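> I have a structure here, written as structure tokens, and I will follow up with some questions on it.
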Amino acid sequence: MKLATYTAQGQTRTGIVVGDQIIDTGLGGTMIDLIRNWDALKPQLEAKAAAGGGMPLASVTLCAPVQRPGKIFAIGLNYADHIAESKMGTPERQVWFTKAQTSVNGPHDPILIARNTMANDYEVELVAVIGKRAKHISVADAASVIFGYCVGNDVTERMWQHAGPQWALGKSFDTHAPMGPWLTTADELGDPHRLGIRCFVNGEKRQDSNTSHLVFNIWQQIEHLSAAMTLEPGDVIFTGTPGGVGAAMDPRQFLKAGDVVRRD
Ligand code: ZN
């Protein structure tokens, strides 16, 4: 199933995406509420999806599927080509940083370029969203705690990222975590480690890889994170970006006002 958070007639709701239609779940509440109650809700939502009767997807505004995630974690240096272009060594341990909750942004909304910044960069990523409270989850069990997946852009201000040893500020500017366009549930998506992943800027292909090239795969990521903390429904994990970021181009190509960043 494909589940979206959307705004129509001034109200924000959750909906089921079927083809080019979106069907109101009728639930009220947020995507996190839906995720928490997924096992109980799934049969009635499947019935709603089968019944149809939605409205055109093009008539609503899609929001980030999870608008206020409890946590947003992102892994750095997790594709070999991106490690090479960053002139870094392959990390022996997973490199994690956080993005602020206030960086969440809709899939088609503007990315704001803050005053006095000049090195705003894109990073297309597969994003996993947690479905169940999870602590000390093994690689073998990791798939069972993921609710679904979407596309994300780990927008980064490179000057702030590298101003010190800690990347969090450079990763946390307002609007710098666009996500969407909806969550595809884990059961519908299948294997998350064989997905094409691409990013275009003004129609020019900049990133083009496959999630099969992840250095630490998503199951290893869940094992590592859940060894440190309890993961909760709606927590968001950015799983790494492949090569092709603007900072590694010659000359460097940072985002300018008016640029359009797309996944296809
Ligand atoms: Zn990233």
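The values are calculated or read from the model by the stated rules, or taken from the named source; none is laboratory data. Note that the structure is predicted; figures quoted are calculated from it, not measured. When we count neighbours, we look across all protein chains shown, and the Cβ atoms used for this are built from the backbone with ideal geometry, even at glycine.
> Kindly provide the set of residues from the stretch 226-236 that are away from the ligand (no atom under 15 Å from the Cβ) and in contact (Cβ under 8 Å) with a residue 60 or more places away in the chain, ordered by number. Can you show your working first?
Filtering the stretch 226-236 for residues away from the ligand (no atom under 15 Å from the Cβ) gives 226-235.
If the condition is that a residue be away from the ligand (no atom under 15 Å from the Cβ) and in contact (Cβ under 8 Å) with a residue 60 or more places away in the chain, then S226, A227, M229, T230, L231, E232, P233, G234, D235 are the ones that fit.
> Out of all the residues in the stretch 61-81, which are surrounded by fewer than 16 Cβ atoms within 10 Å (Cβ to Cβ) and either closer than 15 Å to R13 by Cα or modelled with pLDDT of 95 or more (or both)?
Correct list: T61, R68, G70.
> Next up: Say we look at the stretch 237-255 and pick out the residues that are within 12 Å of the ligand (Cβ to nearest atom) and hydrophobic (A, V, I, L, M, F, W, C); which of these is surrounded by the fewest Cβ atoms within 10 Å (Cβ to Cβ)?
Result: A247.
> Among the listed residues A58, A84, identify the single one that is away from the ligand (no atom under 15 Å from the Cβ), small (G, A, S), closer than 17 Å to Q207 by Cα and surrounded by fewer than 23 Cβ atoms within 10 Å (Cβ to Cβ). Walk me through it before giving the result.
Numbers: A58 fails: closer than 17 Å to Q207 by Cα.
Every option except A84 fails the conditions.
This table checks each residue for (1) in the same structural domain as L169 (by TED's automatic domain parsing); (2) not hydroxyl-bearing (S, T, Y).
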position: T14; (1), (2): no, no
position: V17; (1), (2): no, yes
position: I22; (1), (2): no, yes
position: R36; (1), (2): no, yes
position: Q94; (1), (2): yes, yes
position: V104; (1), (2): yes, yes
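> Still on this structure: Of all residues being among the small types (G, A, S) and surrounded by fewer than 21 Cβ atoms within 10 Å (Cβ to Cβ) in the stretch 143-172, which is nearest to the ligand (Cβ to nearest atom)? Just the residue, please. Don't jump to the end; show me each part of the working.
As a first pass, look at the stretch 143-172 and keep what is among the small types (G, A, S): 143-144, 148, 152, 163-164, 168, 170, 172.
Those still in the list that are surrounded by fewer than 21 Cβ atoms within 10 Å (Cβ to Cβ) too: 143-144, 163-164, 168.
Working: A143: 22, S144: 25, A163: 17, G164: 18, A168: 12 Å.
So, considering only residues that are among the small types (G, A, S) and surrounded by fewer than 21 Cβ atoms within 10 Å (Cβ to Cβ), the one nearest to the ligand (Cβ to nearest atom) is A168.
> What's the total number of residues in the stretch 39-55 that are under 23 Å from V151 (Cα atoms) and either buried (at least 18 other Cβ atoms within 10 Å of the Cβ) or in the same structural domain as V104 (by TED's automatic domain parsing) (or both)?
Number satisfying all stated conditions: 2.
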